[in-house]
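Heads up: the structure comes next, in structure tokens.
Values in this text are rule-based calculations from the coordinates and carry no lab data. All values derive from a computational prediction rather than experimental measurement. All Cβ positions, even for glycine, are placed from backbone atoms using ideal geometry, and neighbour counts span all protein chains on display.
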Amino acid sequence: MSGKRVKVALIGAGGWGKQHARIFHNHQDVDFCAIVGRNLEKTMSRAQSFGTKAYTSIEQMLIKEQPDLVSLCLPNQSHFEATLQVIQAGVPLFVEKPLVFDLNEADILLNEAAKRNLFFAINFNHRYAVPVQMANQAIKENKLGELVSASWHFGGEGKSDHPHANLIETQCHGFDMLEHLCGPIESVMAQMTNKTGKGYSTLVLALQFVNGAIGSLVGSYDSSYAYPEAHKVEVNGTHGHVVIDDTVRRFTYQERGNETAEVWQAGYFNDKSREFHRTFDFHIDHVLEALKNGQEPPIHANAGYRALKLAYSSIESFRTGNRIMC
């Protein structure tokens, strides 16, 4: 790396890719060297907005720019080929969720990266929301006692030509969050519906954790992000209970038997903690720090594989009507 700055290139000029560009353009430790997109005009416009170079060829960009890190933000079902190309070029990378839609493809990516001992991070940015970090800390400090149950609910608008898109590309956050807070999931049982003709766009999972706790995951593309409590996480233990509302909006801890709760929500001037997009900023800070120090990513791409494996266990449960060990 050149001095203390990390030379970063972005592959993807779409909607969420704009958040990648914003962060890298503004970050004092980053030399934002390039954006690669499929459409030249659109890519040039995006690159000009953020003071960097535009490419339509990943290979050409890698040869000319020699980045220290490549960030990939592509359409959800188009991750594999570009990710593999960056890995085979031996460049450290940071990818968006889901890792891919196919377990065989996920195996290839992780194996190829492991052969090269490559830095390979994934953006499960929900972990960086203040309420999530506070919940994780409360659990680590044993303020909840023995965990007994957990629930995840996340519903909004969405559509895809993949029958299990909601499960794979959105509820991957749920799998990651529940295991981040409660430990490994041991088994899953699933109910799903294609009532709206958009694939299995609404689903309910019953979960068993290795530690003996049980849980539920409810996800939908037949709801609306405009509804109150579009996202909610609850974790209950023998000594207390925590609730996360809308990822960033509010954290609540309540001791068992105490009718008074402790509540955190961002203050008037605390825009960073209030805004969902800023969870990504906090994650990138940790990614860059780990990369510069030669450490493992804060969230390795293995977490993306794990979420995909849990998704396919859920699909098998629904298909067979059986409880599936994970």
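Working from label points 7 Å from Cα in the Cα-to-Cβ sense, the His277 to Arg38 distance is 2.4 nm.
Here, the chain yields an orientationally averaged convex hull projection of 17.7 nm² when only Cα atoms define the hull.
Between Asn194 and His239, the distance separating the two model label sites (each 7 Å from Cα on the Cα→Cβ line) works out to 4.8 nm. Full extension of the segment from Asn104 to Glu141, taken as 0.36 nm per residue of separation minus the current Cα-Cα distance, would add 9.5 nm. Ranked by the mean number of other Cβ atoms within 10 Å of their residues, highest first, the peptides 81-88, 304-311 fall in the order 304-311, 81-88.
The length gained by stretching the chain between Ser224 and His286 to full extension, at 0.36 nm per residue less their Cα-Cα distance, is 19.2 nm. With contacts taken as Cα pairs under 8 Å at a separation of at least 6 residues, the range 163-321 carries a relative contact order of 20 percent. The C-alpha atoms of the chain define a longest principal axis, and helix 278-292 lies at about 60 degrees to it. Restricting the trypsin sites (Lys or Arg not before Pro) of the range 191-275 to loop positions (DSSP other than H, G, I, E, B) with no more than 12 neighbouring Cβ atoms within 10 Å leaves Lys195, Arg256. Spin-label model, Trp16/Met325: points 7 Å from Cα along the beta carbon direction are separated by 3.3 nm. Projected onto the charge dipole of the chain (+1 at Lys/Arg Cβ, -1 at Asp/Glu Cβ, origin at the Cα centre), which of Thr193, Val8, Thr252 gives the Cα projection farthest towards the positive end? It is Val8. Peptides 93-106, 25-38 ranked from most to least packed by the mean count of surrounding Cβ atoms within 10 Å: 93-106, 25-38. One Cα centroid belongs to the range 81-122, the other to the range 152-194; the line between them spans 22 Å.
Each Lys or Arg adds one and each Asp or Glu subtracts one; over the other residues with Cβ under 11 Å from the Cβ of Gly158, this totals -1. Using the Cβ-Cβ distance between Lys64 and Gln265 with R0 set to 51 Å, the FRET efficiency works out to roughly 0.65. Applying the criteria of a DSSP loop state and at most 15 other Cβ atoms within 10 Å to the GluC sites (Glu not before Pro) of the range 234-291 yields Glu259, Glu275.
Taking chymotrypsin sites (Phe, Trp or Tyr not before Pro) across the range 214-270, the ones in a DSSP loop with at most 11 further Cβ atoms lying within 10 angstrom of their Cβ are Tyr268, Phe269.
Net charge dipole, the chain: roughly 520 debye, given to the nearest 20, about the Cα centre with Cβ charges of +1 for Lys and Arg and -1 for Asp and Glu. Divided by 2.2 N^0.38 Å, where N counts the residues, the Cα radius of gyration of the range 224-326 comes to 1.44. Using 0.36 nm per residue and subtracting the Cα-Cα separation, the extra length available between Gln28 and Val204 on full extension is 59.0 nm.
Note on Lys53: lysines with a C-alpha under 26 Å away, same-chain residues under 8 apart excluded, are Lys4, Lys7, Lys18, Lys42, Lys64, Lys97, Lys292.
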